[in-house]
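Here is the structure we will look at.
Please treat every number below as a calculation from the coordinates, not as lab data. Keep in mind that this is a model prediction, so the values were computed, not measured. Cβ coordinates were reconstructed from backbone atoms using ideal geometry, including for glycine residues, and neighbour counts include every protein chain displayed.
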Amino acid sequence: MIVFMGTPEFSVPILEMLIKENYPVGLVVTQPDRVVGRKKELQKSPVKQLAESYGIEVFQPEKLRLDYQYVIDKKPSLIVTASYGQILPKALLDTIPAVNIHGSLLPKYRGGAPIQYALFNGDKETGITLMEMAFKMDSGAMIEKRTIEILDSDDYGTLSQKLSYIGRDLLKENIDKVLAKNYTAIPQNEDEVTFAFTLKYEDEALDFNKTVFWNHNRIRGLSPNVGAHFVYRNVLVKVFKSHKSDIMDLNPGEIRIIGKRLVIGCLDGGIELDLIQQAGKKLMPVRDYLNGQTLFENGGIING
């Protein structure tokens, strides 16, 4: 029996492959349902929705490190994780073999936000690593890696989806060898380790004292699900799409409206916002937003 651990959309194709290929997934572990939206409705994770559609038992501990015995009692032959969102306790890893589908070319970008950081840093390639699980975060030996080009048009949504499918295929090609314990794993080079820790709210903020490149890539790495943000006149504005402006003579944080265009100065030029959402309003293209807004009237300077 296999236990699968995952939570977001990234995990769904991987779990679905295991199910459709008739691997014996007997338990799915996912994050607890969370309250979302203005109506404060409980929302099931995408992985839970898929598991329930196939009648697979779901286990949702608030803190797996304190509530893992149920998994051990199932006596699975393997745990497969893919973007679960919690660290597996040592007692669990000491008892049950486990592999992970990680969204980077390890040892680069250990941590919970590898796809975001590849975009933040303007990387030209990234990939998936199928790895053994170890108690130290993302430190296990590597079974196989696969590389993918990052396109200029990619954002978190498109890149995450591509990597999810690569992870699915990589696991499909290797799972029989993993189950039979008939594979070679290569230790990671600790001298090459970098980290991509789970993002905090302040990591999602734009900084117009930095370059256009820095701000544009921050927007790419947070779209379309979270959005990068800034505050102007005590109003939160989220940005989901942008491009480098041909307007260069702007001071950092300076706002300029030209027709139906909204440009903000950065350290080395202007960034043009294409898709934004003001707090309390709908997500909309800037050309439509500017028709009725008053927030950016007469321009101004964004401080901080």
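So the values come out like this:
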read-out	value
Bridge type composition, the stretch 2-192 - antiparallel percent by DSSP, nearest 5	50
Cα gyration tensor category, rounded, prolate or oblate, for the stretch 49-141 with a/c compared to 1.5	prolate
The stretch 151-270: radius of gyration and largest Cα-Cα distance (Dmax), Å	20.0, 64
Pairs from K108/K172; K40/K260; K90/K238 whose Cα-Cα separation, in the structure shown, is over 28 Å	K40/K260; K90/K238
Three principal axis lengths of the stretch 68-109 [C-alpha, angstrom, descending]	34, 17, 16
Most to least packed among 139-150, 100-111, 62-73, 164-175 [average Cβ atoms within 10 Å]	100-111, 164-175, 139-150, 62-73
Binned Cα-Cα distances of the chain, short to long, each 10 Å bin given as a whole percent	6, 25, 29, 21, 13, 6, 1
Linear extension gain, L66 paired with Q49, 0.36 nm per residue minus alpha-carbon span	3.7 nm
Radius ratio Rg over Rh of the stretch 201-301, counting only Cα atoms, Kirkwood formula for Rh	0.91
Eligible aspartates and glutamates near K124 by straight Cα distance, threshold 14 Å, same-chain separation 8 or greater	E149, D152, D154, D155
In degrees, nearest ten, helix 156-179 long axis to first principal axis of the chain (Cα)	10
Percent of C-alpha pairs per 5 Å bin, the stretch 1-113, short to long	2, 11, 23, 24, 20, 12, 5, 2, 0
Full-stretch length increase - F135, D73 - with 0.36 nm per residue and alpha-carbon distance subtracted	20.3 nm
